[in-house]
1. Nearest 500 deg cm²/dmol is fine: what mean residue ellipticity at 222 nm does chain A get from its DSSP H runs of n ≥ 4 alone, each adding -39,500 (n - 2.57), divided by its residue count?
2. So, in Å, what gap is there between the alpha-carbon centers of the stretch B:31-91 and the stretch A:9-38?
3. According to a simple spin-label model (label point 7 Å from Cα along Cα-to-Cβ), what is the distance in nm between B:Asp22 and B:Tyr64?
4. If the chain between A:Ser5 and A:Thr45 were fully stretched, how many nm would it gain, using 0.36 nm times the residue separation less the Cα-Cα distance?
5. If you wrap a convex hull around the Cα atoms of chain A, how much volume per residue is inside, in Å³?
6. Per the Debye formula with a single identical scatterer at each Cα and no solvent contribution, what log10 I(q)/I(0) holds for the protein assembly as shown at q = 0.09, 0.15, 0.18 Å⁻¹?
7. If you take the alpha carbon radius of gyration of the stretch A:56-102 and divide it by 2.2 N^0.38 Å, what ratio comes out, to two decimals?
8. Which residue, A:Ala35, A:Ala24, A:Ala12, has the most motion in a Gaussian network model of chain A that connects Cα atoms within less than 10 Å?
Protein chains: 2
Amino acid sequence: MKKLSFQEIEQALAQLPAWELDSARGAISRRYTFADFSQAFAFMTRIALYAEKHDHHPEWSNVYNKVDVTLTTHDAGGLTQRDVDFARHADGVAQAGGGERG
Amino acid sequence: MKKLSFQEIEQALAQLPAWELDSARGAISRRYTFADFSQAFAFMTRIALYAEKHDHHPEWSNVYNKVDVTLTTHDAGGLTQRDVDFARHADGVAQAGGGERG
């Protein structure tokens, strides 16, 4: 899996407006805010299954109804298509769950 | 739920050797290390159920096989017996799961 070029990253992020790029690190991050802890952890559970299935795991943290997710591909030393696919999937899960507030 | 005194905190931490006190903040933290992500998230799932049941939620983060947990009681502005009980429970879950490495 090769690192995305700066242009490829820009194109991908245009479709992922909630995600912020840390270009020094080669990582993208965003915060999900849910109605409560139960909704937040339901989201985390679905993301955990995706992560395990694809053998691609997030750096993430949770405080009550908030989940902060950071994605990078350690083996590639930066962002790859796997991170973009992960971010799209996570956004879809958050929307489908119905508990996302912003 | 009232804040624990410094003496009460010292006594509680004597039974929780892996936990570190942030006395300025009134919080305790520790890292759990598991065999892999699956074990780490299984632990997180059990802790999430406990948190929801007791309406007392951790600040926590996960990177692959590592789970960092911080406990404090926001309503009390520091540590209470609920945090001590939570920490004991979490240590027990980690040991019972069998996946903890250290």
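1. On the way: 3 runs with 44 residues, N = 102.
Estimated from H runs of four or more residues: -14000 deg cm²/dmol.
2. 25
3. Output for this residue pair reads 2.5 nm.
4. Details: separation 40, 0.36 × 40 = 14.40 nm, distance 3.12 nm.
Going from the current span to full extension adds 11.3 nm.
5. Details: hull volume 8.5 nm³, N = 102.
Output value, Cα hull per residue: 83 Å³.
6. -0.38, -0.95, -1.22
7. Values: Rg = 11.9 Å, N = 47, 2.2 N^0.38 = 9.5 Å.
Normalised Rg, Cα atoms only: 1.25.
8. Its mean-square fluctuation being the largest, the pick is A:Ala24.
All of the numbers you see were taken from the coordinates with simple rules; none came from a lab. Computed from a prediction, not measured in an experiment: that's the story for all the values here. Neighbour counts run over all protein chains shown; Cβ positions are idealised from the backbone, glycine included.
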